[in-house]
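To start, the structure itself, in structure tokens.
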Amino acid sequence: DWGTAITTTVEGDYIITGSTNSNGYGDNTVYLAKVNSSGSLVWYNWAGGWGDDNGMAVAMAPDGNIIVAGYTTSYDVIEGTKIDPNSGKPVDDYSFFLAKVLPDDGEKAWESAFGDTAYVERGYALALSSDAYYVAGYQHRGESLEDVYIVKADLNGDSVWQKAFGTDNLDRALSMVRTTDDNFVVGGYTKPTGTNKSSAYLLKINPDGDQLWERIHTDSDYGLTVYSVIQTSDGGLVAACAAMPVSTEVGTSNALYVIRMHADGTVVWKQGYPQSGINEPRTIIESADGGFLVMGQYYAGHKPLLAKID
């Protein structure tokens, strides 16, 4: 059992999503829990089907309901239905997963899946507007091609559009934020086939899925992956990255790396922080004094670490 994302309700409770193989239906099941401000469990529930279902992002919709996003193998995307385990039909390839959940008891209002049956899609990030839900992740088309993939769904969970973005390399989105101009910025990485050195990848789109700009940020000493991107109070952007020294193997000594940007995605400053001990940042927020707080993971000690940056 593991948790991947958390959000708060207007009442001050917490909604957690993740995955479990202790209960539910298939290999993994999307897990949801509501916890009050004292840490006591209010309810828990599952979503998904008989395949492999994972909750990766959660948010509170303007109508007070819970929206959870991730990826699933439990749906027939062509038919738009959940696969019946008694039908003899095998589970499908991975597709984006999206569900609307009622806040009082965790019951599902609806569940949806999106993607192309010829490819594999995994959703990692979620952003909401008053009239739609946006899920970002990637579409795997082969060993040498992955694209950033974004889906817009209406309030009933039906697809409005599905689009691929990116370069000719391996591109993935891991974070997304709605900006104050009602557009969206996604962050992730781009990586040439056959190399472990990635570059920070950022993309801005409008609600119609039109690309407004694309930025790729590099460092000669590190490979960079954006795990969290947010808009700052001055209208700019800041991204928390995992930085892998080019001289090491994957994941052995990743370090925290932060990029501060103007609103158009161009760099204000960028800097690595190996002294923080954070190997993989999970989220970044702006603090009241205009600095930043980054929460991340320390691999060797299996513990969370918090870093403060001015």
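Regarding the chain, what is the average projected area of its C-alpha convex hull, in nm²? Mind dumping the intermediate values first?
On the way: hull surface 64.9 nm².
Quarter of the Cα hull surface area: 16.2 nm².
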Choice from 194, 106, 80 with maximal GNM fluctuation in the chain (Cα, 10 Å cutoff): 194
About the Cα centre, charge dipole magnitude for the chain (Lys/Arg +1, Asp/Glu -1 at Cβ), debye: 800
Cross-link pairs 82/191; 34/303; 204/270; 152/303; 270/308; 197/270 - those with Cα-Cα distance over 26 Å: 82/191; 152/303
Solvent exposure, largest accessible area first (probe 1.4 Å, DNA, RNA and ligands not counted), of 11, 107, 214: 11, 107, 214
Cα-derived Rg to Rh of the range 1-151, Kirkwood definition: 0.97
Histogram of C-alpha separations across the range 72-212, 5 Å bin width, %: 2, 10, 19, 21, 18, 15, 9, 5, 2, 0
Ordering of 197-209, 174-186 by burial proxy (mean other Cβ atoms within 10 Å per residue, highest first): 197-209, 174-186
Cα point-scatterer Debye curve for the range 176-234, base-10 log of I(q)/I(0) at q = 0.12, 0.20 Å⁻¹: -0.33, -0.77
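Given Cα pairs under 8 Å that are at least 6 residues apart, what percent is the relative contact order of the range 1-73? Can you show the working numbers first?
On the way: 183 pairs, mean separation 20.3, N = 73.
After rounding, I find 28 percent.
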Cα gyration tensor shape of the range 88-150, rounded if a/c is under 1.5, else prolate or oblate by comparing a/b with b/c: oblate
Longest to shortest principal axis, alpha-carbon extents of the range 206-307, angstrom: 42, 32, 25
Test item: Cα-centred dipole of the range 133-276, Lys/Arg +1 and Asp/Glu -1 on Cβ, debye: 300
Square roots of 5 times each gyration tensor eigenvalue, C-alpha, the range 150-257, largest first, Å: 27, 16, 11
Backbone HN-Hα couplings from phi across the range 70-80 [Karplus 6.51/-1.76/1.60, Hz, Gly and Pro as x]: x, 8, 8, 10, 9, 10, 8, 5, 5, 7, x
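The values are calculated or read from the model by the stated rules, or taken from the named source; none is laboratory data. Keep in mind it's a predicted model, so treat the numbers as computed, not measured. Cβ sites come from the backbone with ideal geometry, for glycine too, and all protein chains shown count toward neighbours. For accessibility, only protein heavy atoms count, side chains too; no ligands or nucleic acids. Shrake-Rupley method; radii C 1.70, N 1.55, O 1.52, S 1.80 Å.
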